[in-house]
Amino acid sequence: TTLLSLSAHADTYRLTHNTSDATSWQKGAEKFNELLKQASDGDIGVRIFPNAVLSGGDQMKQAEMVGRGDIDFVITSAINVTPLIPEMAVFSLPYLFSNYAQVDNAIQGAPGDAVKEIARDNGIEILAWGENGFRELTNSVKPVSSPADLRGMKIRVAGPMYIDVFDALGANPQQIQWTETFSALQQGVVDGQENPVGSIIVPQRLYEVQKYLTEWHYSYDPIFIGVSEKRWNGWDAKTQALVAKAAQEAMAYQRDLARDQTRSGVETLKQHGMTVTTLDATQLEAFKQATSEVYDQWAARVGEDLVTQFEQAVKDTASQ
Amino acid sequence: MRSVWHHFEEVICGCVFLGMTLLGFINVVVRNLTNYSLASTQELIINGMVLLTVFGAAIAAKRGQHLAVTVLYDIAPARFKRVLVVVSTLLVLVTLVLCTLFTVTLLGHQYTSGVVSSALQVPQWYYTLIVPLGFVMLMIRQLELAIAELRRPGGVAC
Amino acid sequence: MLDLSAGTQMIILFFVLVLIRVPVAFSLALSAMAAMYIMGFGLDMVGDLIVSGIAKYSLLAIPFFILAGNIMGITGIAEKMINFFRTLVGGLPGGMGLVGTVVCLFWGAVSGSGPASVAAIGPLIIRGMVADGYSRAFAAGLVCTGAALSLIIPPSIGLVIYGILAGTSISDLFLAAILPGLMLGLLMLCALPFARLSATPPSASESASADAAFLRAVGEGSGLPYATRLLRAFREAFWGLLTPVVILGGIYGGLFTPTEAAIVATVFAMFVGFFIYRTLSPRALFACVAASAGSSAVVMLVVAFASLFGWVVVVDGLVGNYSDALLGISQSPWVIVLMMLVILLLAGMFMDAITIMFITLPIFMPVVQQLGLDPTWFGVALMTALSIGLITPPVGINLFVAANITGLPLGQIARGVIPFLIVSLIGLLIVAYVPAISLIAL
Ligand code: NA
Ligand code: NA
């Protein structure tokens with residue numbers, strides 16, 4: 001691992017992520033590789049393994065493997081890391097963020113750094129934050145603009161906190177593997193699901209089986225580029241700086257891409273005949289009230305100090 | 001006592017398999033008829049399947065059911081058959097010893113890092129513990145099968 | 001000097017291990033670990049890969065469909081189904097050949113595994129066909145081929161695994177496979193006239209004794225009119241005939257997922273066994289459950305260890321190399337598809353369907369994607385080729401099970417299978433080159 005070696009002996013590190021090779025995650029990873037090579041005159045690069053193939057398809061295991069130093073780099077979303085680092089649940093607390101300005105202020109600032117510190121204790125050096133997006137609701141039954149509309153609706157959700165959230169809203173949350181979700185929506189095994197527009201709902205063609213979208217920004221999901229602490233500590237300061245800079249630029253690029261895809265994605269969904277419901281402040285407040293108990297319960301698990309830091313950053317953000 | 005030892009895996013697998021069936025069915029009924037969700041229990045069913053795989057493999061080993069290609073074995077003379085049994089059993093045992101070591105290592109990592117399961121949020125190593133235990137059981141059964149095969153004159157199990 | 005990549009060395013080692021009778025599952029694991037050692041990367045992950053290889057929700061369909069099929073075997077549902085079809089059309093000359101085929105098709109809609117089907121319905125069909133003048137070898141050939149259709153007609157363990165590996169909707173695959181499965185059954189009927197060519201006829205005494213037993217079972221010669229006998233047989237078989245309706249109706253009616261369907265089928269079989277036919281005792285059920293755990297573990301252990309093998313295939317870059325080579329040979333999608341099918345048929349002579357999928361799909365799927373072919377249709381064509389592997393020597397698991405239940409030598413059964421093998425190959429070509437048969441249902 002020296003920068004003096006010839007490019008024929010370039011260090012190629014392994015990078016794992018858990019989406020397909022057509023997503024903004026992959027584009028971000030490719031950008032990272034490109035920038036690394038540029039900055040190191042071809043001495044450092046990454047080989048990208050999509051679909052979590054390095055961890056046998058298990059997206060939750062990637063972070064664990066990077067933490068132990070078995071894999072060099074990972075791009076994954078905070079939700080996938082919560083089994084290993086429970087504090088990662090802080091980002092997705094229901095209705096913590098309501099817009100990008102709040103997100104950026106908190107995650108790119110001191111609260112984000114506090115999470116980095118915690119990840120470091122678990123063997124992962126987080127180099128930069130990217131974006132999976134705000135998770136929005138789709139369903140095939142009716143427009144949803146109040147918790148009452150959700151009553152009894154069967155919704156496929158992504159994790160334990162979301163089960164609690166949908167239980168609190170009076171819905172009937174279900175955990176179904178992603179591979180079976182499309183057909184489950186198609187056959188009506190479940191009525192709806194929640195995911196980011198740009199990175200999932202549009203590219204996975206969920207508009208084929210869903211009629212209604214509610215833009216309720218109920219939970220935010222960031223992604224990050226992390227490197228194993230073992231690998232990180234083996235580099236000299238110059239290499240560290242080079243890698244960190246490439247990661248930050250790559251994630252900034254990915255974040256812009258994801259936001260573009262979300263904006264154009266909502267238009268795409270309308271073109272495919274989906275009815276889009278956007279909520280006003282009063283309507284949002286009803287959802288926020290209904291889920292405040294779940295918020296408190298999960299905030300306690302995350303740790304009051306960390307949650308307070310995030311809440312403060314949100315408050316400090318000038319309203320748009 | 002002897003009978004318990006001989007049917008150890010059958011009892012475990014039978015109970016777990018029936019439990020998985022019941023839990024899975026209740027989940028379907030509850031989702032369709034009520035407004036409750038037992039979604040997190042899926043995790044128990046999936047890890048039940050992990051148990052079925054490793055301990056069920058021991059049942060299959062006992063009965064000589066594991067898929068194997070016997071073309072060469074079938075045409076081999078009796079003495080060479082014995083060599084094949086010894087060599088293949090040794091290789092199976094080596095494989096299982098390695099797999100046991102690697103899963104025990106994983107167990108250690110999970111114990112140290114405190115990683116929890118994604119749905120029920122219990123320590124992940126509770127589930128992982130099943131795997132090396134099953135491999136040890138499987139090792140014992142493979143060894144018993146090979147001894148039985150070597151004792152049976154010209155015997156073949158497939 | 002040969003400079004082989006770790007992945008290629010792994011494949012060679014795998015075949016050597018398999019040849020010296022190391023079970024397929026362990027051969028996969030050992031050769032993969034050897035390759036990881038050579039690569040100097042991956043051994044630390046073996047534990048993770050084994051666990052994540054099996055702890056997949058969709059794989060649940062495998063143990064449950066095996067269990068459901070086995071319970072239906074011991075409750076007598078299979079026997080009652082055969083009696084019904086025998087009463088329906090068995091009176092025609094050579095009619096038991098038709099009955100055997102129809103029962104295989106119906107059973108295919110209940111069971112997801114080929115060998116399990118041979119064991120469940122084979123003895124009864126063979127007995128009936130011998131009574132009707134067919135040779136045991138030909139009857140066994142029909143059963144082996146018909147039972148192989150269990151892998152195509154939904155529910156299918158093979159299609160479940162394909163769906164997971166290819167990232168294709170499992171319900172779509174199930175839907176697409178129905179028509180091709182029925183067509184293959186129809187083609188089997190075309191082989192019936194060739195019964196006399198492929199095997200020696202049964203002895204008169206063999207035929208007579210089987211006949212008497214069978215006629216008693218279906219009430220023929222009891223003096224009752226056809227309609228009465230048919231109605232009685234239908235009433236008896238009703239719950240068995242209902243099983244496919246419950247499974248497919250539940251999936252497409254939105255009550256449960258294909259994976260959950262396997263669980264529902266299991267509970268349904270238990271319900272019928274305990275409360276309708278009253279043929280199931282708790283003790284028999286428990287023994288059946290334990291035995292099913294053993295047979296599903298045979299498949300699942302291959303899946304677990306194939307995850308190590310597949311990992312090396314991906315990390316070593318074998319996938320890219322082989323699929324590039326495959327694409328480089330011809331520009332025509334049809335030629336490449338033909339080559340892939342031939343590879344599957346050749347592999348099917350030696351290996352079981354699931355192992356083959358784990359080895360070939362990482363290579364085939366990028367090619368399918370690049371050629372812009374429909375992955376659902378490809379899954380059906382692939383499954384048709386792999387189902388043929390169940391009946392081709394030297395390693396045809398259905399043939400082994402049939403030899404086991406009939407006591408006939410493997411060679412005779414292989415001869416009995418020949419006419420069916422020929423029509424199956426014709427069927428494969430039709431499935432492969434007329435995608436509409438699969439896709440019309442979607
Ligand atoms: Na089937
Ligand atoms: Na074969």
Open item on the list: Looking only at the range B:9-55, how many residues end up being closer than 12 Å to C:Pro63 by Cβ and among the polar types (S, T, N, Q)?
Closed with: 2
- [ ] Output yes when any residue across the range A:85-102 is of a type in the set (Gly, Ala, Ser), over 28 Å from C:Tyr57 (Cβ atoms) and away from chain C (no Cβ under 14 Å), and no when none is.
- [x] yes
- [ ] Could you grab the pairs with beta carbons closer than 8 Å, sequence gap of 6+ or different chains, first residue in the range C:374-397 and free of Cβ contacts under 8 Å to residues at least 60 places away in the same chain, second one within 7 Å of ligand 2 (Cβ to nearest atom) and open to solvent by 10 Å² or more (accessible area, probe 1.4 Å)?
- [x] C:Gly389/C:Met349; C:Thr392/C:Met349; C:Pro393/C:Met349; C:Pro394/C:Met349; C:Pro394/C:Phe350; C:Val395/C:Met349; C:Val395/C:Phe350
Task: Residue tally, condition modelled with pLDDT under 95, open to solvent by 10 Å² or more (accessible area, probe 1.4 Å) and more than 7 Å from chain C (Cβ to nearest Cβ), over the range B:44-63 - done: 2
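Would it be correct to say that C:Val102 is farther than 30 Å from C:Val303 by Cα, within 16 Å of ligand 1 (Cβ to nearest atom) and open to solvent by 10 Å² or more (accessible area, probe 1.4 Å)?
When the stated conditions are applied, C:Val102 passes them.
Among the listed residues A:Leu15, A:Leu96, A:Leu36, which satisfies the condition of being in contact (Cβ under 8 Å) with a residue 60 or more places away in the chain, open to solvent by less than 10 Å² (accessible area, probe 1.4 Å) and not in a helix (DSSP H, G or I)?
Values: A:Leu96 fails: open to solvent by less than 10 Å² (accessible area, probe 1.4 Å); A:Leu36 fails: not in a helix (DSSP H, G or I).
Only one candidate qualifies: A:Leu15.
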- [ ] For the range C:361-414, enumerate the residues that are aliphatic (A, V, I, L, M) and away from ligand 2 (no atom under 16 Å from the Cβ).
- [x] C:Leu361, C:Ile363, C:Met365, C:Val367, C:Val368, C:Leu371, C:Leu373, C:Val380, C:Ala381, C:Ile405, C:Leu408
- [ ] Determine, yes or no, whether C:Phe14 is of a type in the set (Phe, Trp, Tyr) and under 27 Å from B:Ala60 (Cα atoms).
- [x] yes
Task: Filter result for the condition that a residue is within 16 Å of ligand 1 (Cβ to nearest atom), within 14 Å of another protein chain (Cβ to nearest Cβ), touching a Pro at 6+ places or on another chain (Cβ under 6 Å) and within 30 Å of A:Gln187 (Cβ to Cβ), over C:Ile157, C:Ile170 - done: C:Ile170
Open item on the list: From the list B:Leu72, B:Leu150, B:Leu143, exactly one residue is within 20 Å of C:Ser27 (Cβ to Cβ), more than 11 Å from chain C (Cβ to nearest Cβ) and part of a helix (DSSP H, G or I). Which is it?
Closed with: B:Leu143
Open item on the list: Whether any residue in the range A:55-70 is over 21 Å from C:Asp316 (Cβ atoms) and free of Cβ contacts under 8 Å to residues at least 40 places away in the same chain is what I want to check.
Closed with: yes
Task: Residues of the range C:317-341 satisfying the condition of being open to solvent by less than 40 Å² (accessible area, probe 1.4 Å) and modelled with pLDDT under 85 - done: C:Gly317, C:Leu318, C:Val319, C:Gly320, C:Ser323, C:Leu326, C:Leu327, C:Ser330
- [ ] Out of C:Ala68, C:Ala78, report the one residue that is buried (at least 24 other Cβ atoms within 10 Å of the Cβ) and more than 12 Å from chain B (Cβ to nearest Cβ).
- [x] C:Ala78
Task: Contacts under 9 angstrom Cβ, first residue in the range C:412-438 being outside any helix (DSSP H, G or I), partner open to solvent by 10 Å² or more (accessible area, probe 1.4 Å), 6 or more apart - done: C:Pro435/C:Leu373; C:Pro435/C:Asp374
Task: Residue list for the range C:95-124, restricted to those being within 16 Å of ligand 2 (Cβ to nearest atom) and at pLDDT 80 or above - done: C:Val118
Open item on the list: Given the options B:Val4, B:Val94, B:Val28, name the one that is part of a helix (DSSP H, G or I), hydrophobic (A, V, I, L, M, F, W, C) and more than 8 Å from chain C (Cβ to nearest Cβ).
Closed with: B:Val4
Open item on the list: For the range C:388-420, which positions are open to solvent by 10 Å² or more (accessible area, probe 1.4 Å) and either within 16 Å of the chain's Cα centre (by Cα) or within 16 Å of ligand 1 (Cβ to nearest atom) (or both)?
Closed with: C:Leu390, C:Thr392, C:Pro393, C:Val395, C:Ile397, C:Phe400, C:Val401
Open item on the list: Looking at the range B:101-108, can you tell me whether even one residue there is open to solvent by 10 Å² or more (accessible area, probe 1.4 Å), assigned to a helix (DSSP H, G or I), farther than 23 Å from A:Arg68 by Cβ and within 9 Å of chain C (Cβ to nearest Cβ)?
Closed with: no
TODO: Please enumerate the residues belonging to the range A:102-147 that are among the basic types (Lys, Arg) and assigned to a helix (DSSP H, G or I).
DONE: A:Lys116, A:Arg120
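Going through the range C:38-65 one residue at a time, which ones are more than 28 Å from C:Glu260 (Cβ to Cβ), open to solvent by 10 Å² or more (accessible area, probe 1.4 Å) and within 10 Å of chain B (Cβ to nearest Cβ)?
Hits for the range C:38-65 are C:Leu43, C:Asp44.
Here are some residues: C:Gly240, C:Gly223, C:Gly250, C:Gly254. Which one is open to solvent by less than 10 Å² (accessible area, probe 1.4 Å), more than 27 Å from C:Pro115 (Cα to Cα) and modelled with pLDDT under 90?
C:Gly254
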Open item on the list: Can you find a residue that is more than 7 Å from chain B (Cβ to nearest Cβ) and at pLDDT below 80 anywhere in the range C:27-36?
Closed with: no
Open item on the list: Any residue that is open to solvent by less than 20 Å² (accessible area, probe 1.4 Å) and not hydrophobic (A, V, I, L, M, F, W, C) - is there at least one of those in the range A:269-287?
Closed with: no
TODO: Assess whether B:Gly19 counts as being more than 10 Å from chain C (Cβ to nearest Cβ) and under 22 Å from C:Ala287 (Cβ atoms).
DONE: yes
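The values are calculated or read from the model by the stated rules, or taken from the named source; none is laboratory data. Quick caveat, the model's predicted, so the values are computed rather than measured. Positions of Cβ are generated from backbone atoms using ideal geometry, with glycine treated the same way; all protein chains shown enter the neighbour counts. Only protein heavy atoms, including side chains, enter the accessible area calculation; ligands, DNA and RNA are left aside. Shrake-Rupley method; radii C 1.70, N 1.55, O 1.52, S 1.80 Å.
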